[in-house]
Amino acid sequence: MARLAGGVALLTVLDPVGRDCGLTVTAVSSVSLEPPLVLACVKKDGFIHDALFVADGWSLSFLAADQLPLSDYAARERYPGARDDFSPWPTRRAARGELIFTGAVAAVECVPYSLVDAGDHTIALGRVTAVARDADGAVPLVHVDRRYYEPGPEVA
């Protein structure tokens, strides 16, 4: 699956004590238009996994090519309860408190819809409640074969 190119998103949620948590994810997809649903796959032994089970909401910010350092930061290894510091990047709070990265190319706010057991991952399905109107990134960040890219010229 590493050869399948995908956009890079940052999933954000508040942990049970209200601290910001974020995780770089590439297993993200639109699922349904009615109701509007998206999914993100999260490793069960990962830093952010348990926070999804108690969160009132979570967000996905679809990262821009110039946000590569943010993607790397949120992809680093850490333990449950660790603190994230996203202060170097422009953000705002979503309706339920989690962060939206305003330099992203797009972002959605979600409320939990379903959590589906999927082997060593959980598929987090969220109902989209808002689409960011203040995301101003220009070029999407793409991940393929364990490397980052930005889209090239149109081929068709």
Net charge over other residues, Cβ less than 13 angstrom from the Cβ of ASP117 (K, R count +1; D, E count -1): +1
Size of segment 1-106 as Cα extents on the principal axes (Å, biggest first): 33, 32, 28
Restricting segment 40-76 to trypsin sites (Lys or Arg not before Pro) in coil, as DSSP defines it, with at most 15 other Cβ within 10 Å: LYS44, ARG76
Shape call, segment 33-86: gyration tensor on alpha carbons, a/c limit 1.5: oblate
Whole-Hz ³J(HN,Hα) from phi, Karplus 6.51 cos²θ - 1.76 cosθ + 1.60, for segment 16-27, glycine and proline x: x, 9, x, 8, 5, 10, x, 9, 6, 9, 10, 8
Candidates GLU98, GLU109, GLU34, ranked by Gaussian network fluctuation over the chain, Cα under 10 Å, top entry: GLU34
Candidates ALA64, ALA27, ALA94: whichever shows maximal mean-square fluctuation once the chain is modelled as a Gaussian network with Cα springs under 10 Å: ALA27
Estimated FRET transfer efficiency (ALA156, ASP85; beta-carbon r; R0 41 Å; 0.05): 0.45
Placed amide H near ALA130: partners under 5 Å, 5+ positions off or other chain: GLU109
Under 12 Å, Cβ to Cβ, from THR12 - net charge with Lys/Arg +1 and Asp/Glu -1: -1
Karplus (6.51, -1.76, 1.60) ³J(HN,Hα), θ = phi - 60°, over segment 129-134, in Hz, Gly and Pro reported as x: 10, 7, 10, 5, 9, 10
In Å, descending, principal axis extents of the Cα set of segment 82-122: 35, 23, 20
P(r) weight above 22 Å for segment 58-156, C-alpha pairs, percent: 41 percent
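With a 1.4 Å probe and every protein chain kept in, tell me what percent of the accessible surface of segment 117-156 is carbon plus sulfur.
Roughly 52 percent, rounded to a whole number.
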Distant-in-sequence amide H partners of VAL31 (H built 1.01 Å from N, under 5 Å): LEU37, VAL38, LEU39
Neighbourhood charge, 14 Å Cβ-Cβ cut-off, centred on VAL105 and excluding it, Lys, Arg +1 and Asp, Glu -1: -3
Rounded FRET efficiency, nearest 0.05, which uses the C-beta distance separating LEU68 from ASP117 and R0 of 35 Å: 0.65
Under the Karplus curve 6.51 cos²θ - 1.76 cosθ + 1.60, θ = phi - 60°, whole-Hz ³J(HN,Hα) for segment 97-109, x wherever Gly or Pro sits: x, 6, 7, 10, 8, 6, x, 6, 7, 6, 7, 10, 9
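The values are calculated or read from the model by the stated rules, or taken from the named source; none is laboratory data. Remember, it's a predicted structure, so these values are computed and weren't measured experimentally. For neighbour counting, all protein chains shown are included, and Cβ atoms are generated from backbone atoms with ideal geometry for every residue, glycine included. Side chains included, ligands, DNA and RNA excluded: accessible areas come from the protein's heavy atoms. Shrake-Rupley method; radii C 1.70, N 1.55, O 1.52, S 1.80 Å.
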